[in-house]
């Protein structure tokens, strides 16, 4: 019995080493020759799940759009659920070592990692989101979403739709993208009527769907008739809004299909525009140093109105007006 | 055959058998990976390529090995705490929270007092990390000893509370002033001064923390096997019924066990900040900061049969498994969820393999002449022999 | 502002939210209680809940039958319970840690299966609210207590049933005896292993139902990691409840209602940091247990390996 076990284990370990040796050629970076037959290789490292209907899904969707456009010309690798910054750093470094042309670090917590790793790989383009800091490094781009813009537009619509003048917001933690969106939303709602009471709850978790749903229930019981929220756990909140026959505004991903009679509009990120620019810049020899913003003007952010919900012409006109105002700068979204 | 020859043969067989027993966790891991291979195939990945990538990612290059060591450091520290605590018959599942509090305390210090010489700052930071972990472990300990509040309940709650404290501080009072102004509002602290960071073996991320952890492992070994206190701790851990009649002893040992294992976890948290990231950052969850080291460290200790010195290679191997699994994901592009499931399988298999190891050990001992000895005595004898 | 909390709407809201939030805890905790009463600690409840949650969601999605979904969850939970039982009882695995392994496995598998079999987040038509005839119409009380879905009612009914089984049946006696003095039970000819297998599998079944209560009753959706630590809270509540079903009920309701309270605190704009509000249920649970006089002795044989001599 012991002999069998030892033998099997030895065989397994040998097999692993053989497999490891077979890896070595792949680990070498491809020749840096400008051949148009070589596909562009992009790697993405992201903190949550690829189908979270929120942050990570948005970048995954963008890459799928690019893949559809570029076909064989694009090859991409995706590493999701890198919520441990360490692991993400290892992943970013690994992809760069493997010779990926563009490495996208899609998480604001990856900043330090990018700052450390980028100088070691001058031939690799690093894109860090969602932020504006490129650290002054020649091969780092930064991109962010001006989610306060989409938040503002959503807030305006919500302000016009609410009859009880009470709006509820279900957020995860008061940081980053969530905070930006919520701040914009509150400003938008108040711009319609300063007496509107926008109540914000942060439930302290990105994944507790049950708590998010009770937060929504609490808002509704307290009189809210329009709701919004950010991050993946809000699917619980949307469900409650649907049950109560109320309106919801979505962000980060198109939530319209999730509850067609409830979600009035979703602010959707289209990162592909930014990615196309990064690719073009790289072809022109520029490896970094640019800051991109996904906003309403450049199509990086889009407000997807839900076709299943009838909006009055007044509201639709106002939406157009507000978007135009944000784009031409006449509307400035106040910071809290 | 002359008698000396016979004994020599038996001794050799005994040694080989002993080594075989020690390798049991490795066999268990391989068994788990075999099961994992089935999942890999179902997902359309080639298991050979996949596991080759795992081995490569864990040990295949100098940089890969360095990454493994970086991953192993918190595992080793938490594992050492477990080695002590477990013998006081306490499984401390509050490691996640203790790591966080230890990190918060040491980070706050490093960012507030910026005029000290680097080496001094690091030592104080280490002490604060230990203190933070001790507080967070001590509270459940005291609640247990004096209020009979079960430690599983209190540590589960304390973990959750620690996360909220971390979130509040990272987005509030301890946030990087740069972030406060920026629109991105990343919940992270400012970076530690260059001089305050643990030295690294460039160009890898291997930092001094590993060396400190190894030295601590040796220290723990001496504590447990060469001091009277250590002997008592081990004795209590061995013979439960006797200590139960002691009453107070058990209580005190639970407090001490939680204090000590908390201390190590807190130090692990400090190392993550001072050695790896140079700042503290939160994504809202405990795992985002700790990487599950609070749990995986316990497994590493079991891997190492709760012996502080064996926990060193055990942590390296387990760390390699974790690092390699991530590398595997990148090569064969399987969903990361599979990696988590594999992690779980390995834990279950390794924990289960203890049974076979102990049984084999018992058989060997009874064969080599300690037939009349009770299993625990034999184990103690065995350990004494190994020590 | 704090006085706002004393209004009728708020109190009604807190109690009904509390009832809903308590449902998964009731299932999982009572299941775990049986296991612990017989001497086995299972820290893998979270993994069982997640897999059960997914199984219920997927089967309901495909078959449109919520009860089949519950059955699927029960089956999956039973399987995981069986594995846990084998590992614990036959292989004497260290109980705290084997549980963590099952937790990781369950979490990984549920996410993996979700990604491969479902792909996108979508809703499902789960259990609908049932108003109890007559009782449901009582003003206020009816709204709070008698307008929930079937699984909520089942969860609360489980409490007295569990109490009865544990305290008034032979099986319950055996379970309790095995947890206190397995040697004595063994000498009487009752199979310790058999009882433990039963309770651990039962625990798995109930954890599965707890997961199902989330995905096809309360929330009608599946999201990855949606239990967010509730499985661990459920285990903690067993200790809080002193291993008694009604104690667990008290603990589950306390925890859940304070959670509901903290949401109201935030909604009403009471100016405390969100994190402090979120912490409230955890802190109060520890505090209440610390201050309560009777804590209950745990089963003497809890987590101890039982080996038949001879």
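The values are calculated or read from the model by the stated rules, or taken from the named source; none is laboratory data. None of the values given here were measured: they were computed from a predicted structure. Cβ coordinates were reconstructed from backbone atoms using ideal geometry, including for glycine residues, and neighbour counts include every protein chain displayed.
Observations
- Number of residues in the stretch B:117-154 that are farther than 18 Å from residue C:298 by Cβ and either surrounded by fewer than 20 Cβ atoms within 10 Å (Cβ to Cβ) or under 23 Å from the mean Cα position of the chain (by Cα) (or both): the value is 23.
- Taking the stretch C:123-161 as the range and being buried (at least 16 other Cβ atoms within 10 Å of the Cβ) and assigned to a loop (DSSP other than H, G, I, E, B) as the test, the residues that pass are C:124, C:126, C:127, C:146.
- When residue B:313 is tested against (1) within 27 Å of residue B:21 (Cα to Cα); (2) touching a helix residue (DSSP H, G or I) at 6+ places or on another chain (Cβ under 6 Å), just one condition goes unmet, and that condition is (2).
- For residue B:126, the conditions (1) closer than 22 Å to residue C:287 by Cα; (2) in contact (Cβ under 8 Å) with a residue 12 or more places away in the chain are fulfilled apart from (1).
- Test: residue in the stretch C:255-269 that is within 14 Å of the chain's Cα centre (by Cα) and either modelled with pLDDT of 90 or more or farther than 29 Å from residue C:67 by Cβ (or both): yes
- Members of the stretch B:157-203 that are surrounded by fewer than 17 Cβ atoms within 10 Å (Cβ to Cβ) and assigned to a loop (DSSP other than H, G, I, E, B): B:172, B:173, B:182, B:193, B:199, B:201, B:202, B:203
- Hits in the stretch A:163-178 (condition: away from chain B (no Cβ under 14 Å) and either buried (at least 24 other Cβ atoms within 10 Å of the Cβ) or closer than 14 Å to residue B:185 by Cα (or both)): A:167, A:168, A:169, A:170
- Within the stretch B:30-45, residues that are within 14 Å of chain A (Cβ to nearest Cβ) and over 16 Å from residue C:116 (Cβ atoms) reach partners that are modelled with pLDDT under 90 and surrounded by 15 or more Cβ atoms within 10 Å (Cβ to Cβ) with beta carbons closer than 6 Å, at six or more positions or on different chains, in the pairs B:30/A:9; B:30/A:12.
- In this structure, residue A:130 does satisfy being modelled with pLDDT under 90, at negative phi and in contact with a strand residue (DSSP E or B) (Cβ under 9 Å, 6 or more places away or on another chain).
- Hits in the stretch A:221-242 (condition: surrounded by fewer than 23 Cβ atoms within 10 Å (Cβ to Cβ) and in contact with a helix residue (DSSP H, G or I) (Cβ under 9 Å, 6 or more places away or on another chain)): A:221, A:222, A:223, A:225
- Selected residue (criterion: farthest from residue A:168 (Cα to Cα)) from residues of the stretch C:246-263 that are more than 10 Å from chain B (Cβ to nearest Cβ) and crowded, with 24+ Cβ neighbours inside 10 Å: C:248
- Looking across the stretch C:78-100, the residues that are at the interface with chain B (Cβ under 7 Å from one of its Cβ atoms) and within 18 Å of the chain's Cα centre (by Cα) come down to C:96, C:100.
- Residues (facing another protein chain (nearest Cβ under 9 Å) and in contact (Cβ under 8 Å) with a residue 12 or more places away in the chain) located in the stretch B:307-332: B:322, B:323, B:326, B:327, B:330, B:331
- Within the stretch B:273-297, the residues that satisfy the criterion of being at the interface with chain A (Cβ under 7 Å from one of its Cβ atoms) and part of a helix (DSSP H, G or I) are B:276, B:277, B:287, B:288.
- Scanning the stretch C:295-310 turns up no residue that is within 14 Å of chain A (Cβ to nearest Cβ), over 21 Å from residue C:10 (Cβ atoms), without any contact (Cβ under 8 Å) to a residue 12 or more places away in the chain and surrounded by fewer than 24 Cβ atoms within 10 Å (Cβ to Cβ).
- Within the stretch A:73-90, residues that are more than 9 Å from chain B (Cβ to nearest Cβ) and free of Cβ contacts under 8 Å to residues at least 60 places away in the same chain have Cβ atoms under 7 Å from residues that are crowded, with 23+ Cβ neighbours inside 10 Å and not in a helix (DSSP H, G or I) in these pairs: A:74/A:42; A:76/A:42; A:76/A:43; A:76/A:44; A:88/A:45; A:88/A:82; A:88/A:107, counting only partners at least 6 apart in sequence or on another chain.
Yes/no matrix, rows are residues, columns are (1) crowded, with 24+ Cβ neighbours inside 10 Å; (2) more than 20 Å from residue B:111 (Cα to Cα):
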{"residue": "B:264", "(1), (2)": "yes, yes"}
{"residue": "B:267", "(1), (2)": "yes, no"}
{"residue": "B:273", "(1), (2)": "yes, no"}
{"residue": "B:280", "(1), (2)": "yes, no"}
{"residue": "B:287", "(1), (2)": "no, yes"}
{"residue": "B:296", "(1), (2)": "yes, yes"}
{"residue": "B:311", "(1), (2)": "yes, yes"}
{"residue": "B:314", "(1), (2)": "yes, yes"}
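- Comparison of B:371, B:354, B:379 shows that the only residue that is modelled with pLDDT under 90, farther than 24 Å from residue B:162 by Cβ, assigned to a helix (DSSP H, G or I) and away from chain C (no Cβ under 13 Å) is B:379.
Okay, residues lined up against (1) within 14 Å of chain B (Cβ to nearest Cβ); (2) on the phi > 0 side of the Ramachandran plot; (3) free of Cβ contacts under 8 Å to residues at least 60 places away in the same chain:
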position	(1), (2), (3)
C:102	yes, no, no
C:110	yes, no, no
C:121	no, no, no
C:134	no, yes, yes
C:145	no, no, no
C:164	no, no, yes
C:171	no, no, yes
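- Residue match in the stretch A:198-206 (condition: more than 9 Å from chain C (Cβ to nearest Cβ) and closer than 20 Å to residue A:155 by Cβ): yes
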